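The values are calculated or read from the model by the stated rules, or taken from the named source; none is laboratory data. Here the structure is a predicted model, which is why all the values come from computation and not from measurement. Neighbour counts run over all protein chains shown; Cβ positions are idealised from the backbone, glycine included. For accessibility, only protein heavy atoms count, side chains too; no ligands or nucleic acids. Shrake-Rupley method; radii C 1.70, N 1.55, O 1.52, S 1.80 Å.
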Amino acid sequence: MGAVPEGARFLVGLSIDGSKEVHDRHRIDKHGEPTAPDAWDPARLPIVGTPESRPGHPGSVVTDWSVDPEEYGYFLCKVWDEWLRRDVCKVLAVEHDGSVYACDHYVYPKHRRGNLLTRKLGSMVFDPEQVRFGYAKSEKLPQYCRDCSYLTDCWGECPKNRLLRTPDGEPGLNYLCPGLKKFFAHASREADRMAKRLLDAPAVARPRI
């Protein structure tokens, strides 16, 4: 990682969710409904592309200050362009706190796989519970995702963000779907070229990305 600029300021947030009962007692959505994972009622999810599927609408599934999916896609495209121009093959970021969970959006006791100080990472990756968690990400995808040309780039993104219904009403679509599609359309061509260059280059000459 690069050096931290002198005078840089950081805001560090600590989220303590607790059990589902404790979490949902205080962390509810704008309608007073639970926000713990898997608490959404599929029949009440808005359909992608409708005003309710974006922030700013009284019936939206997210708060008014939530990121807009289209603006998120614009942001990803700009970050990609900047990374491609200045940082490709130069910058690597790694996050580590010892404990390992199935996903950083599922930091709950039942999704804890162990700690790097007491268990090898490989055994946690192939833990039966983790394998089932991983397969569920693709097995629960709506048909709208399965038919998408960016399926293998996205795989529905994080299951916790699947807050929308598809145009035909099937639940399980990611809230950020429109923005992700915008980003993949923007970046995939150059990403494919980079991947081909890496595969064609001799092993000893391959840059580390």
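A compact table of results
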read-out: Alpha carbon Rg of region 107-209, scaled by the compact-globule rule 2.2 N^0.38 Å; value: 1.38
read-out: Fraction of accessible area attributable to carbon and sulfur, region 132-209 (%, probe 1.4 Å); value: 54
read-out: Placed amide H near GLY114: partners under 5 Å, 5+ positions off or other chain; value: VAL100
read-out: Packing-based order for 192-199, 124-131, 172-179, 52-59, using average beta carbon neighbours within 10 Å, highest first; value: 172-179, 52-59, 124-131, 192-199
read-out: Extended-chain gain in nm, criterion 0.36 nm per residue less alpha-carbon gap, LEU199 and LEU116; value: 26.7 nm
read-out: Inter-site label distance for HIS26 and SER138 at 7 Å from Cα along Cβ, in nm; value: 4.0
